[in-house]
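Trainee: Just passing along the structure, written as structure tokens.
The values are calculated or read from the model by the stated rules, or taken from the named source; none is laboratory data. Please read all numbers here as calculations on a predicted model, not as lab measurements. Cβ atoms come from the backbone with ideal geometry, glycine included; neighbour counts cover every protein chain shown. Heads up: the accessible areas ignore ligands, DNA and RNA and are worked out on the full protein's heavy atoms, side chains in. Shrake-Rupley method; radii C 1.70, N 1.55, O 1.52, S 1.80 Å.
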Amino acid sequence: KDFCGSAYTSCDQSQLFIEPFKVLNFLFLTKKYFLMVISLISSLGIGINLLTLTAIPYVRWRYKTEFSILQSPPVLLVLHLAFCNLLYCSFGLPHFFQSINLGYFPYGRNVCFWIALLRNLVAQSSIATQGFIAFCVYNKKMFENGGTKYVISFIWIFSFIAIVGDIFGSTGEYKWTGSAYGCDAVYEDSKNFGILTSVFGSFLLMSCSYFLISINLVERKKLMTKSMGMENVNFSKHISTFVFITLVFGTSVTPAACLAWGLTDLRAGQNVTLVVNCLYWNSFAVGVLLYVLSNQRIRFFSDIYTICKTLFAMSISNYVKVYK
């Protein structure tokens, strides 16, 4: 079928037929609903992650003494997570919107390759960062004295290694997929176990770290009860937070890796795949909120309400000064 007909007059045929294209076939209502969901996720993600990247560094710089907890090592990793998620929501999700809306990719193989490479690199960095946030909460001393910067560098190197097989075509190939992911890795006889290692390795690191923290909390409660007679100490709220964060990761990222990325032999219907994709993409939009709004056990954001209140008061004060 010639996609450069009257309905697509701006289509460049010299670009269109560089690569064989598959057509995305959606029912109208499904397509309309899916495009609305992607638009909402992308808008939320850009707003939430941009606010995190601007508000937290400003408060760290302007109110060092009032919010000293924001100087702790895990904050850099949370900001790095927000940065990765912002990139994904800024150029990854709009690409999905275009792919689903048009049903093809009109810009040629080279552009398709780089879009897939950059998006997958950012996605793997975001996933790995969540694992290291958990490990940093468990062992903060290892990340002190500038250690967090080296960890961030390691995350990007590790993420590149995870997708290097797809970059050079030894495991997969970055091209038009004909799926909701648009330009992405296509696997035939081989699989990229590097990505699976990254995903499940991050999940394992997160699970183990939070499990060890929970054990420490239980032991601390026993010690406080025995030595100080403080029987009303309750850490269940803190432990439930760790469980919730782990479950969210497990129900958003791992199903996508198994069902939607072509890394396993598991297959699901189109509707199930769309739901799995939406859950996965939503983690880039609101995932940072799990750390920003978590309770006081994850102490580096326990004062987020006070921070927002301070920023709001400052904005009102500046407004009054200007228009007084």
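Trainee: Only residues in segment 22-43 that are over 13 Å from residue 281 (Cβ atoms) count as the first member; pair them with residues that are assigned to a helix (DSSP H, G or I) and at pLDDT 85 or above, Cβ under 7 angstrom, at least 6 apart or cross-chain, and list the lot.
Mentor: Cβ pairs passing all conditions: 24/99; 24/100; 26/34; 26/100; 31/100.
Trainee: Taking interchain pairs and intrachain pairs at least six residues apart, which have beta carbon atoms under 6 angstrom, with the first residue in segment 246-271 and over 22 Å from residue 193 (Cβ atoms) and the second in a helix (DSSP H, G or I) and at pLDDT 80 or above?
Mentor: Listed pairs, sorted by first residue: 246/206; 246/207; 246/210.
Trainee: Moving on. Among (1) at pLDDT 55 or above; (2) surrounded by 17 or more Cβ atoms within 10 Å (Cβ to Cβ), which single condition is residue 303 missing?
Mentor: Going through the list (1) at pLDDT 55 or above; (2) surrounded by 17 or more Cβ atoms within 10 Å (Cβ to Cβ), residue 303 breaks only (1).
Trainee: Mind checking whether some residue in segment 73-92 is outside any helix (DSSP H, G or I) and open to solvent by less than 20 Å² (accessible area, probe 1.4 Å)?
Mentor: No - not one qualifying residue is present in segment 73-92.
Trainee: For residues that are over 26 Å from residue 246 (Cβ atoms) and open to solvent by less than 20 Å² (accessible area, probe 1.4 Å), tally how many sit in segment 107-157.
Mentor: 4
Trainee: Can you find, within segment 215-244, the residue that is surrounded by the fewest Cβ atoms within 10 Å (Cβ to Cβ) among those that are touching a helix residue (DSSP H, G or I) at 6+ places or on another chain (Cβ under 7 Å) and either modelled with pLDDT of 65 or more or among the β-branched types (Val, Ile, Thr) (or both)?
Mentor: 233
Trainee: For segment 22-31, state whether one or more residues are at pLDDT 70 or above and under 23 Å from the mean Cα position of the chain (by Cα).
Mentor: Scanning segment 22-31, I find no residue that is at pLDDT 70 or above and under 23 Å from the mean Cα position of the chain (by Cα), so the answer is no.
Trainee: Just checking, how many residues over segment 256-296 are open to solvent by 40 Å² or more (accessible area, probe 1.4 Å) and part of a helix (DSSP H, G or I)?
Mentor: 9
Trainee: Filter segment 237-263 for residues that are polar (S, T, N, Q) and either over 14 Å from the mean Cα position of the chain (by Cα) or under 10 Å from residue 279 (Cβ atoms) (or both) and give the result.
Mentor: 240, 241, 251, 252
Trainee: Looking at segment 140-148, can you tell me whether even one residue there is within 19 Å of residue 283 (Cα to Cα), in contact with a helix residue (DSSP H, G or I) (Cβ under 6 Å, 6 or more places away or on another chain) and aromatic (Phe, Trp, Tyr)?
Mentor: no
Trainee: On to the next question. Test residue 262 against the criterion of being in contact with a strand residue (DSSP E or B) (Cβ under 8 Å, 6 or more places away or on another chain) and over 22 Å from residue 83 (Cβ atoms), and give yes or no.
Mentor: For residue 262, the condition - in contact with a strand residue (DSSP E or B) (Cβ under 8 Å, 6 or more places away or on another chain) and over 22 Å from residue 83 (Cβ atoms) - is met.
Trainee: Mind listing whichever residues of segment 174-197 are in contact (Cβ under 8 Å) with a residue 40 or more places away in the chain, assigned to a helix (DSSP H, G or I) and within 16 Å of residue 117 (Cα to Cα)?
Mentor: Scanning segment 174-197 gives a single hit, 195.
Trainee: Another question about this same structure. Just need a number here: residues in segment 162-176 that are β-branched (Val, Ile, Thr) and over 22 Å from the mean Cα position of the chain (by Cα). I'd like the intermediate steps shown before the answer.
Mentor: Initially, segment 162-176 is screened for residues β-branched (Val, Ile, Thr), giving 163-164, 167, 171.
After this cut, where a residue has to be over 22 Å from the mean Cα position of the chain (by Cα) as well, the list is 171.
Within segment 162-176, residues that are β-branched (Val, Ile, Thr) and over 22 Å from the mean Cα position of the chain (by Cα) number 1.
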